[in-house]
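**Q** Dropping a structure here in structure tokens format, bear with me for questions.
The values are calculated or read from the model by the stated rules, or taken from the named source; none is laboratory data. Model, not experiment: these values are computed from the prediction. Here the Cβ positions follow ideal geometry from the backbone for every residue, glycine too, while neighbour counts run over all protein chains shown. We work out accessible area using only protein heavy atoms, side chains counted, and drop any ligands, DNA or RNA first. Shrake-Rupley method; radii C 1.70, N 1.55, O 1.52, S 1.80 Å.
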Amino acid sequence: MGEEITFEAPTIEEIYNDLAEIAKRIKESNIKIDVIVGISRGGLIPARFLSDFLLIPDIKIVAAGFYLGPKQRMDKPVIVSPISEDLTGKTVLLVDDVADTGETIIEVEKHVREKGAKDVYVAVIYVKPWNKARVDFYVKKTSAWIIFPWERVETAYQVYKMKKWDKFKPVLAKDEKYNQVISSFLKVESDEGT
């Protein structure tokens, strides 16, 4: 028997409210953020929401990756698209959706500091209990596999290939529209023989 996977699937409204709470905490801390750096892909939407809440239009993107799918990860995170701009003397808010092992955040923080950032703060929505990175702002701690609204089809496909669909589908049962979309994508994949 393999390790049991549990899932959590927040709605976009829940994510929005969580990020509003993070923005409130950042404002209350009196930290003056100059630049927001979103870690692609999971940090893109949270970075944009925080940009809006904090009225910080300067957003940079760094692409780094670790996960291929649920419980399928590379040995080390890789920065595949670095920041080209100079960040000398800037206070940076590094944003991702989740701090799992924390290794991606640690690598990206190193990269941002190499670009000259004076101070780096980290904001994520979720933190896993085994996370090793320093996280300054977050709202939830969980050991579940989080299925964010921006990755439901790709996660469903990976779960389907792992033959764990029976554990996954009930998590999204509250949102029939997503179930229909995901089922239609899985049918197309199945029809194409992949």
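**Q** Is it true that some residue in the range 127-136 is outside any helix (DSSP H, G or I), closer than 26 Å to residue 24 by Cα and modelled with pLDDT under 95?
**A** no
**Q** Residue 104 versus (1) in a helix (DSSP H, G or I); (2) at pLDDT 95 or above: which is the lone unmet condition?
**A** Checking residue 104 against (1) in a helix (DSSP H, G or I); (2) at pLDDT 95 or above, the one that fails is (2).
**Q** Exactly one condition in (1) in a strand (DSSP E or B); (2) open to solvent by 70 Å² or more (accessible area, probe 1.4 Å); (3) touching a residue at least 40 places away in the same chain (Cβ under 8 Å) is not met by residue 39; state its number.
**A** Among (1) in a strand (DSSP E or B); (2) open to solvent by 70 Å² or more (accessible area, probe 1.4 Å); (3) touching a residue at least 40 places away in the same chain (Cβ under 8 Å), the lone unmet condition for residue 39 is (2).
**Q** Return the residue satisfying two criteria in turn: it lies in the range 107-126 and is open to solvent by less than 10 Å² (accessible area, probe 1.4 Å) and not in a helix (DSSP H, G or I), and of such residues it is farthest from residue 65 (Cα to Cα). Full working, then the answer.
**A** Narrowing the range 107-126 to residues open to solvent by less than 10 Å² (accessible area, probe 1.4 Å): 108, 112, 120, 122-126.
Subset that is not in a helix (DSSP H, G or I): 120, 122-126.
Values: 120: 20, 122: 17, 123: 17, 124: 16, 125: 18, 126: 17 Å.
For the range 107-126, the residue satisfying everything is 120.
**Q** Residue 143 fails exactly one of the following numbered conditions: (1) open to solvent by less than 60 Å² (accessible area, probe 1.4 Å); (2) polar (S, T, N, Q); (3) in contact (Cβ under 8 Å) with a residue 60 or more places away in the chain. What is the number of that condition?
**A** Unmet for residue 143, out of (1) open to solvent by less than 60 Å² (accessible area, probe 1.4 Å); (2) polar (S, T, N, Q); (3) in contact (Cβ under 8 Å) with a residue 60 or more places away in the chain: (1).
**Q** Considering only the range 127-140, state which residues are free of Cβ contacts under 8 Å to residues at least 60 places away in the same chain, open to solvent by 50 Å² or more (accessible area, probe 1.4 Å) and not charged (D, E, K, R).
**A** Hits for the range 127-140 are 129, 130.
**Q** OK, next. Just to verify a result, which residue in the range 24-36, among those that are surrounded by fewer than 19 Cβ atoms within 10 Å (Cβ to Cβ) and assigned to a helix (DSSP H, G or I), is farthest from the chain's Cα centre (by Cα)?
**A** Step one: filter the range 24-36 for residues surrounded by fewer than 19 Cβ atoms within 10 Å (Cβ to Cβ), giving 24-25, 27-32, 34.
Next cut, assigned to a helix (DSSP H, G or I) only: 24-25, 27-28.
Details: 24: 19, 25: 19, 27: 22, 28: 23 Å.
Once the filter is applied, the top-ranked residue is 28.
**Q** Among the residues of the range 148-172, what is the count of those that are in contact with a Pro (Cβ under 8 Å, 6 or more places away or on another chain) and either at pLDDT 70 or above or closer than 19 Å to residue 102 by Cβ (or both)?
**A** 5
**Q** Filtering the range 57-100 down to residues that are among the acidic types (Asp, Glu) and either modelled with pLDDT under 95 or open to solvent by 70 Å² or more (accessible area, probe 1.4 Å) (or both), which residue is nearest to residue 5 (Cα to Cα)? Walk me through how you get there before you give the answer.
**A** Step one: of the range 57-100, the residues among the acidic types (Asp, Glu) are 58, 75, 85-86, 96-97, 100.
Narrowing the set further to residues that are either modelled with pLDDT under 95 or open to solvent by 70 Å² or more (accessible area, probe 1.4 Å) (or both) leaves 75, 85-86, 100.
On the way: 75: 20, 85: 40, 86: 41, 100: 15 Å.
Top of the filtered list is 100.
**Q** Tell me which residues, restricted to the range 9-23, are part of a helix (DSSP H, G or I) and not aromatic (Phe, Trp, Tyr). I'd like the intermediate steps shown before the answer.
**A** Kept after step one, since they are part of a helix (DSSP H, G or I), are these residues of the range 9-23: 12-23.
12, 13, 14, 15, 17, 18, 19, 20, 21, 22, 23 - these are the residues of the range 9-23 that are part of a helix (DSSP H, G or I) and not aromatic (Phe, Trp, Tyr).
**Q** State all residues of the range 75-109 that are among the β-branched types (Val, Ile, Thr) and more than 15 Å from residue 122 (Cβ to Cβ); if no residue qualifies, say none.
**A** To start, the set of residues in the range 75-109 that are among the β-branched types (Val, Ile, Thr) comprises 78-80, 83, 88, 91-92, 95, 98, 101, 104-106, 108.
Across the range 75-109, the qualifying residues are 78, 79, 80, 83, 88.
**Q** Answer yes or no as to whether residue 92 is more than 15 Å from the chain's Cα centre (by Cα) and within 26 Å of residue 57 (Cβ to Cβ). Give the steps one after another, and end with the answer.
**A** Details: more than 15 Å from the chain's Cα centre (by Cα): yes; within 26 Å of residue 57 (Cβ to Cβ): yes.
For residue 92, the condition - more than 15 Å from the chain's Cα centre (by Cα) and within 26 Å of residue 57 (Cβ to Cβ) - is met.
**Q** Considering only the range 79-98, how many residues are aliphatic (A, V, I, L, M) and touching a Pro at 6+ places or on another chain (Cβ under 6 Å)? Lay out the reasoning, then the answer.
**A** Narrowing the range 79-98 to residues aliphatic (A, V, I, L, M): 79-80, 83, 87, 92-95, 98.
Then keep just the ones that are touching a Pro at 6+ places or on another chain (Cβ under 6 Å); that gives 95.
Within the range 79-98, residues that are aliphatic (A, V, I, L, M) and touching a Pro at 6+ places or on another chain (Cβ under 6 Å) number 1.
**Q** Sticking with this structure for a sec: Cβ-Cβ below 7 Å, separation at least six or inter-chain, first residue in the range 92-110 and over 16 Å from residue 82 (Cβ atoms) and in contact (Cβ under 8 Å) with a residue 60 or more places away in the chain, second open to solvent by 10 Å² or more (accessible area, probe 1.4 Å) and outside any strand (DSSP E or B): which pairs?
**A** Final answer for the pair search is 93/33.
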